[in-house]
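The values are calculated or read from the model by the stated rules, or taken from the named source; none is laboratory data. Predicted model only: the values in this text are computed from it and were never measured. So basically every Cβ, Gly included, is an ideal-geometry build from the backbone, and we count neighbours across all protein chains shown.
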Amino acid sequence: MTSSNLAVRKPAPRVAAAVLIALALTLLGGCVRIPINEDTLFQPKESVTIGTFDHPEATLEEVFFESEDGTRINAWYLTQPEARATVLFFGGYGFYLVQSRPYIDHFLEQGVNALLVDYRGYGRSEGEPSVPALKGDGLAAWEKLTGDLGADPEAIIVHGHSLGTFMATYVAEQHEAAALVVENPATSARDWTRAAVPWYLRLILSFDIAESIEAEDNLERIGAVDEHLLVLAGGEDMVTPAEMAEDLYEAAAAAESRELVVIDEGSHPDLHEFDAYGTAYRRLVDRLGAGLVSRPAGPQ
């Protein structure tokens, strides 16, 4: 496990958790004051577009592909000379391509290509999101990457953050990738909701989880994954606690190699800001070996 002394911004989930707890305490007869100031009100995020991306060697191109039901999905394809691997990236529930600048910078630093996907209904992707549809989209993204874009499956890293870890484990289970990265992962939807509510509030709060969502189980899937595995977690993550990452690591007995990195001061949205994050990623890429694994793609 790794720690870092870098400063961490207070993430938005802390505000949501504070409001939830305050509401519950108010219902129990207490009176709680919640501070609202600039730090809690504003949550600035860096943005990027195809037009504003500027790099002396790398290119960022917009691509589209069709899912199995004909829905048109939007993605961005980052390529750079002598890339050592290619990442298929699935973001969290609030992820949009225009907010992908931190990950694009990370992939540039790692010397890898990357296909980043907007979920259906997000950005320029068509359709309405549902669990079965998103799983089909994940497989279609794999086919786009290994087909038209020419990526070598033996050098593909499937990477998911938060909600995207369910997509990543599903794709890695269905296809033989080189490696799997799960960042701030949840074990299952049921565990996730339990982690979101402290034990002393469960007497008055509960969740009615749809069957399609409750059936998604990273813990079960990761046991069948035999690729190289990197599990990244934040010690201060209040959305997907590090204990779930530890459980997934323990369940991944079939992995070709596995590493768990818990960044003690990291939270849910900021692990990429810590040196330990990039260092662990670099170790994974080094294990996969060198070589150009995909050709540049033109607009599709």
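Values for this structure:
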{"read-out": "Residue that is out of contact with any Pro (no Cβ under 9 Å at 6 or more places or on another chain), surrounded by 13 or more Cβ atoms within 10 Å (Cβ to Cβ) and modelled with pLDDT of 95 or more, where the choices are 91, 70", "value": "91"}
{"read-out": "Matching entry among 235, 223 (being surrounded by fewer than 20 Cβ atoms within 10 Å (Cβ to Cβ), modelled with pLDDT of 95 or more, touching a helix residue (DSSP H, G or I) at 6+ places or on another chain (Cβ under 8 Å) and among the small types (Gly, Ala, Ser))", "value": "235"}
{"read-out": "Selection count where residues are surrounded by fewer than 18 Cβ atoms within 10 Å (Cβ to Cβ) and part of a loop (DSSP other than H, G, I, E, B), scope segment 142-174", "value": "4"}
{"read-out": "Residue check for residue 70: over 23 Å from residue 179 (Cα atoms) and assigned by TED's automatic domain parsing to the domain that holds residue 138", "value": "yes"}
{"read-out": "Residues of segment 265-285 that turn out to be polar (S, T, N, Q) and closer than 19 Å to residue 164 by Cβ, as a count", "value": "1"}
{"read-out": "Sole exception among (1) at pLDDT below 95; (2) within 24 Å of residue 285 (Cα to Cα); (3) not in a loop (DSSP other than H, G, I, E, B) for residue 84, by number", "value": "(3)"}
{"read-out": "Failed item in (1) at pLDDT 95 or above; (2) surrounded by fewer than 22 Cβ atoms within 10 Å (Cβ to Cβ); (3) of a type in the set (A, V, I, L, M, F, W, C), with residue 195 passing the rest", "value": "(1)"}
{"read-out": "Residue match in segment 113-127 (condition: in the same structural domain as residue 76 (by TED's automatic domain parsing) and without any contact (Cβ under 8 Å) to a residue 12 or more places away in the chain)", "value": "yes"}
{"read-out": "Hits in segment 75-98 (condition: under 17 Å from the mean Cα position of the chain (by Cα) and of a type in the set (S, T, N, Q))", "value": "86"}
{"read-out": "Residue that is nearest to residue 101 (Cα to Cα), among those in segment 128-141 that are assigned to a helix (DSSP H, G or I) and either outside the structural domain of residue 69 (by TED's automatic domain parsing) or in contact (Cβ under 8 Å) with a residue 60 or more places away in the chain (or both)", "value": "141"}
{"read-out": "Hits in segment 258-271 (condition: surrounded by fewer than 19 Cβ atoms within 10 Å (Cβ to Cβ) and either more than 19 Å from residue 156 (Cα to Cα) or modelled with pLDDT under 95 (or both))", "value": "264, 265"}
